[in-house]
Amino acid sequence: MLRIDGLSKTYANGTHALGQVSLDLPAGAVTAVVGGSGCGKSTMLRLLAGLDRPTSGEILLDGSPVEGPRPEIGVVFQEPRLLPWLTVEANAAFGLAHLPKAEREARAGDALAHVGLAGYGGRWPRELSGGQAQRVAIARALAPEPSVVLLDEPFSALDAFTRAGLHEHLRALWTRTRPTMVLVTHDIDEAIVLADSVLVMRPRPGRIAATFDVRLAHPRDRLSPAYESVKRKLMLALDRTMRGEPVGDDRGVEAPGLWW
Amino acid sequence: MSASADLLTPALGGGGVVEERAGSTRPARVRRLAATALPGGRGLALGLLLPLALAFTWEGAVRLGLAEGRLMPPPSRVGATLLDLARSGDLAVHALATLGRVLAGFALGAVAGTLFGALSGALAPARRLLDPTLQALRAIPSIAWVPLFILWLGIFEASKVALIAVGVFFPVYLGTLGAILAIDRKVLEVGRVFRLDGLATARRILLPAILPAWIVSLRSGLGLGFMFVVAAEFMGASEGLGYLLVDGQQLGRPDQIMAAILAFALLGKAADALLVALTAPFLRWQDTGASGL
């Protein structure tokens, strides 16, 4: 259980990036966070990762406060951020330094195999495509088997085909250990394909405007009418937050999943 | 390794400091090298065409009596002088003397430059304390130290080595400092996510990240070392390639001067190639056009 309690963040330059966000994410839930740029979604993720400290409020992971990066929390950034001087395998094993060599190699190889990169371990990052590099980054984050995985627009730099393929990979990876997953994205399809619930955020200060539950069976068919109507509803909500209008009745939208 | 890139490198060694100041030494240099190195064997042939044509033309002109060749000896006479020097063992004595001075000065300058650069790069207070002074010292033409060094250290080896060390120090200091300051915050954040402590961050991220730029700064430093050894040997040495230059001037022997110049070119190039070869295994991962250099 990841509990976010009254979280707010004001940067040194006075930007009020996040205002009083409270949220409970049950263990094993996949939550997508969508919103226009500057709505505080990445700020929230950085706070969850322990990379930045909140101005007020707190984050509790299974009851203990998150005050810095934690071994149970894995992070996948927008860019792969692989270390170019390490081979693919050594990159995947970066978070396993505390393990003996044999186990480290086994687990890195295993993580690479699960992102479809078995046999790529000896390559240099420069020899990978963008999608492959991001898969290595996912393998690196998941190799230590964290209970929480945070993803900050992980597929935004990739083309649509690569992205769709990675959505399947990610979902398959999630079913292995079922970590709590928070996915920040500006791709509505990505949110609906992957998440159990979608948070829509609005800016100045960043806060949660609406919550949608996505009760569609996996794998999700992007062409089904049910998918279409979830998407329409979400787009409408996003559109309103961008224009600064209230998103219907917040309460009403927070009881979702019933209307189709 | 591409031979046409080799020909270029001595010229680049001298330009190192200026480029260092511009702040984007490596990529620009690498692009330039890659561009000229691309044609491979044919590029080498093309690069040799002009100097060979000039040499043959001059040789022919002197042989045919069209030119005198007294102040500008033909290549054959320069080659013969070099061969004579090599046979008599003089060349080895002078080259070893020069090489010893460069190595001693380079070692001192590189170690000091790396230490101070690392200190300034890693600790902001140290940077604020040291950098203004060092930048001010850097603005002094290093040759200006010569009289002082002679007063302090005498006219023998110590003052020469000190001058070379000063020359090597600044590019290495700047290169190390710049490389540390240029480390991508995003890569450091990866280290934070995996909770690396200070030592582990230095070992697993900082050192490998600065290595390419540091090696380039060492190469600039080495190039300057060879520049300064000449200055050092001009001011009173009894052996060394720089002494051969002065000696050739006083004896009116341009062939000896040119032979010494040739020896400098070969020695400088060989030292640079050795440095590149020794460090190449650590840079195999680099994603640049010059990764085969």
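When segment B:66-97 is limited to residues that are buried (at least 16 other Cβ atoms within 10 Å of the Cβ) and in contact with an Asp or Glu (Cβ under 7 Å, 6 or more places away or on another chain), the one that is nearest to residue B:51 (Cα to Cα) turns out to be B:75.
Candidates in segment A:53-62 are the residues that are assigned to a loop (DSSP other than H, G, I, E, B) and in contact with a Ser or Thr (Cβ under 7 Å, 6 or more places away or on another chain); of these, the one that is surrounded by the most Cβ atoms within 10 Å (Cβ to Cβ) is A:54.
Of all the residues in segment A:59-87, those that are within 11 Å of chain B (Cβ to nearest Cβ), aliphatic (A, V, I, L, M) and more than 16 Å from the chain's Cα centre (by Cα) number 3.
When segment A:39-52 is filtered for residues that are in a loop (DSSP other than H, G, I, E, B) and within 8 Å of chain B (Cβ to nearest Cβ), only A:51 remains. Does segment A:98-112 contain at least one residue that is more than 24 Å from the chain's Cα centre (by Cα), within 23 Å of residue A:170 (Cβ to Cβ) and at pLDDT 85 or above? Yes. Going through (1) more than 14 Å from chain A (Cβ to nearest Cβ); (2) touching a Leu at 6+ places or on another chain (Cβ under 9 Å); (3) among the small types (Gly, Ala, Ser); (4) closer than 26 Å to residue A:87 by Cα one by one, residue B:260 falls short only on (4).
Note on segment B:114-143: among residues that are under 20 Å from the mean Cα position of the chain (by Cα) and of a type in the set (Gly, Ala, Ser), the one that is modelled with the lowest pLDDT is B:142.
Applying the set (1) over 26 Å from residue A:80 (Cα atoms); (2) free of Cβ contacts under 8 Å to residues at least 60 places away in the same chain; (3) within 14 Å of chain A (Cβ to nearest Cβ) to residue B:252 leaves exactly one unmet item: (3). Can residue A:204 be described as at pLDDT below 80 and either among the acidic types (Asp, Glu) or in contact with a Phe, Trp or Tyr (Cβ under 7 Å, 6 or more places away or on another chain) (or both)? No. In segment B:141-201, counting only helices (runs of 4 or more DSSP H) that sit wholly within it, the ones holding 3 or more residues that are surrounded by 21 or more Cβ atoms within 10 Å (Cβ to Cβ) span B:157-181. Across segment A:144-158, the qualifying residues are those that are at pLDDT below 85 and either over 18 Å from residue A:76 (Cα atoms) or in contact with an Asp or Glu (Cβ under 8 Å, 6 or more places away or on another chain) (or both), and the one among them that is nearest to the other protein chains (Cβ to nearest Cβ) is A:157. If you go through segment A:88-120 and keep only what is surrounded by fewer than 16 Cβ atoms within 10 Å (Cβ to Cβ), away from chain B (no Cβ under 14 Å) and within 17 Å of residue A:144 (Cβ to Cβ), you end up with A:100, A:101, A:102, A:103, A:106, A:110, A:113. So, residue B:267, is that one in contact with a His (Cβ under 6 Å, 6 or more places away or on another chain), in a helix (DSSP H, G or I), away from chain A (no Cβ under 14 Å) and in contact (Cβ under 8 Å) with a residue 24 or more places away in the chain or not? Considered against the rule, which asks whether it is in contact with a His (Cβ under 6 Å, 6 or more places away or on another chain), in a helix (DSSP H, G or I), away from chain A (no Cβ under 14 Å) and in contact (Cβ under 8 Å) with a residue 24 or more places away in the chain, residue B:267 comes out as no. Every listed requirement among (1) more than 26 Å from the chain's Cα centre (by Cα); (2) over 28 Å from residue B:270 (Cα atoms) is met by residue B:72 save one, (2). Only one entry of B:162, B:200, B:139, B:158 meets the criterion of being touching a Gly at 6+ places or on another chain (Cβ under 8 Å), without any contact (Cβ under 8 Å) to a residue 60 or more places away in the chain and either more than 14 Å from chain A (Cβ to nearest Cβ) or farther than 30 Å from residue A:77 by Cβ (or both), and that entry is B:162.
Per-residue answers, yes or no, for (1) closer than 22 Å to residue A:155 by Cα; (2) in contact with a Pro (Cβ under 9 Å, 6 or more places away or on another chain):
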position	(1), (2)
A:215	no, yes
A:234	yes, no
A:237	no, no
A:241	no, yes
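All of (1) crowded, with 22+ Cβ neighbours inside 10 Å; (2) aliphatic (A, V, I, L, M); (3) within 17 Å of the chain's Cα centre (by Cα) hold for residue A:18 with one exception: (3).
Entry remark, segment B:55-82: residues being over 23 Å from residue B:241 (Cβ atoms) and among the hydroxyl-bearing types (Ser, Thr, Tyr) number 1 in total. Scanning segment B:129-140 finds no residues that are within 30 Å of residue B:259 (Cβ to Cβ) and touching a helix residue (DSSP H, G or I) at 6+ places or on another chain (Cβ under 8 Å).
The values are calculated or read from the model by the stated rules, or taken from the named source; none is laboratory data. Being a predicted model, the structure only gives us computed values, none of them experimental. Please note: Cβ atoms are built from the backbone with ideal geometry, for glycine as well, and neighbour counts cover all protein chains shown.
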